[in-house]
Amino acid sequence: MTIAFDHSYARDLPNTFLRVAPDPAPAPKLLVLNRKLAADLGLDLTEAEAALWFSGAELPPGADPIAQAYAGHQFGGFSPQLGDGRAHLLGEVITPDGRRFDIQLKGSGRTPFSRGGDGKAAIGPMLREYLISEFMAAVGVPTTRSLAVVATGEEIWRATKLPGAVLARVAASHLRVGTFQFFAARGEGDKVRQLADYAIARHYPDLAGADNPYLALLDAVIARQSRLIADWMGLGFIHGVMNTDNMAISGETIDYGPCAFMEGYAPGTVFSSIDHQGRYAYANQPLILGWNLARLAETLVPLLDPSRDTAIDIANDRLTGIAARYRRDWLAMMRRKLGLVGEDAGDAQLADDLLTAMAGADWTLTFRRLADEAMLRPLFDDFTAMEAWLPRWRTRAGDGVAQRLAAANPAVIPRNHKVEAALTAATEGDMAPFHALLAAIQTPFAEAEPFMLPAPTGFGQYVTFCGT
Ligand code: AMP
Ligand code: MG
């Protein structure tokens, strides 16, 4: 088949990227292809085409690969030039229902933005992104998607020699907070304006006619990101590297690196090997939301008002509002997780008190089992606080709550020990555990006992890594 690529980014935003071809994979082997996503995109691919096109072995007709420029605050420190160091945007496709998506290869070789990196990726981390992003999609959380993972036939060096792979990623766009920062930091105000116009046209077309479209853009990104982080918190998801280059203007979860799901509820949970200060710990994510959005607002200041003082006042007003907005989004998310219908003045207290009562208990299963005390009790070392909390919740929740809980709370999440086992097997050439886990996380609301259990004691403290 042919893919009807478009290239609006390259066309509308000259000098924001570099043209560079992916490395040709020597012996591409398709590990997983997302047929459902391919169909939704209007792509009717053969496996042979997928293996060639999504590994870099061959360029699909019409592709015009580019590496995008962006900057970013990494763990709070500003890097003026990051950019796609191991990714190539092949182009955009427009779905049969009119939506535009990027198709990007990740792990496809060096670019002028690679700095010291090799431009490559190992199959473990690419399959990990595939699994976790597809889980996010299955539970309805905005996310980039995974179209395919292809082993390249090349060996790459990490701590040890590993089989290389390329991920084909699908995103509403790859515009990041860091994309705006790149041009703002260089004093290229006209480019920031072009980016903002492009972002509005692509993601928020209704805002083009607003009195102040750039302020409306800031508001829209704040709204989407606030809901997104509330969704993450509901799932116990810890992104792990919420740098500004990993925050998408579209509001999608992007860049699955050291991310993982919390098991026992502990607000300070961190998995990333390099996050020594806990900057991106579970409970810090809502604070980082505000911090990152402040960095976006700074880039937009010159567009908000001709008077710099007025513009800063406007931006500060919006930034000050984020905490209250997030708290509303969080409460709405918690009402769903608790099976509460409507709103009651006591809901926030009820939700907060559950967090206190459930310290250490499995995050996912506690919500899933709330209506079944016999199943709930074994999740707790000490049930005393729950004993007092449950009657309050039952009174508020009323009839039919078991069904609402089952619809709002996944039974299956990508458990850390299951993910690790699947990736280890895949690295050794056995894809069966990966496919079994993938099938389970694609229907996350169906009970599937072996995939639901927390890590066995002895799995130990889970550690994840960046830049893999
Ligand atoms: P990340 O932490 O994955 O969001 O990546 C941060 C930056 O490092 C981005 O500019 C990436 O493109 C770049 N990067 C990560 N891994 C590699 C690699 N193996 N080779 C080249 N660049 C990389
Ligand atoms: Mg990144």
- Unique match (being aromatic (F, W, Y), in contact (Cβ under 8 Å) with a residue 60 or more places away in the chain, within 16 Å of ligand 1 (Cβ to nearest atom) and in contact with an Asp or Glu (Cβ under 9 Å, 6 or more places away or on another chain)) among Y265, Y256: Y256
- Query: Quick one: in the range 411-468, which of the residues that are of a type in the set (D, E, K, R) and outside any loop (DSSP other than H, G, I, E, B) is surrounded by the most Cβ atoms within 10 Å (Cβ to Cβ)?
  - Reply: K418
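I need a count of the residues in the range 158-169 that are surrounded by fewer than 22 Cβ atoms within 10 Å (Cβ to Cβ) and within 23 Å of T16 (Cβ to Cβ).
Qualifying residue count for the region: 0.
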- Query: Going through the range 357-385 one residue at a time, which ones are within 28 Å of the chain's Cα centre (by Cα), under 19 Å from F445 (Cα atoms) and touching a residue at least 24 places away in the same chain (Cβ under 8 Å)?
  - Reply: D362, W363, T364, L365, T366, F367, R368, L370
- Give the residue, chosen from L350, L354, L370, that is outside any helix (DSSP H, G or I), at pLDDT 95 or above and buried (at least 18 other Cβ atoms within 10 Å of the Cβ). L370
- on the phi > 0 side of the Ramachandran plot, of a type outside the set (G, A, S), out of contact with any Phe, Trp or Tyr (no Cβ under 6 Å at 6 or more places or on another chain) and not in a helix (DSSP H, G or I) - does that describe any residue in the range 244-252? no
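Residue-by-condition table, conditions (1) outside any strand (DSSP E or B); (2) under 19 Å from the mean Cα position of the chain (by Cα):
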{"site": "F113", "(1), (2)": "yes, no"}
{"site": "I132", "(1), (2)": "yes, yes"}
{"site": "A148", "(1), (2)": "no, yes"}
{"site": "E154", "(1), (2)": "no, no"}
{"site": "V170", "(1), (2)": "no, yes"}
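I'd like to check something: does the range 394-402 contain any residue that is within 25 Å of A332 (Cβ to Cβ) and in contact with an Asp or Glu (Cβ under 7 Å, 6 or more places away or on another chain)?
yes
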- Message: Among (1) more than 10 Å from ligand 1 (Cβ to nearest atom); (2) free of Cβ contacts under 8 Å to residues at least 40 places away in the same chain; (3) in contact with a Lys or Arg (Cβ under 7 Å, 6 or more places away or on another chain), there is one condition G77 misses while meeting the rest; what is its number?
- Response: (3)
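Check whether at least one residue in the range 157-165 is in contact with a Lys or Arg (Cβ under 7 Å, 6 or more places away or on another chain) and farther than 25 Å from G234 by Cβ, and report yes or no.
Yes; the residues of the range 157-165 include at least one that is in contact with a Lys or Arg (Cβ under 7 Å, 6 or more places away or on another chain) and farther than 25 Å from G234 by Cβ.
The values are calculated or read from the model by the stated rules, or taken from the named source; none is laboratory data. Just so it is clear, the structure is predicted and the values come from calculations on it, not from any experiment. Cβ: placed from backbone, ideal geometry, glycine included. Neighbour counts: every protein chain shown.
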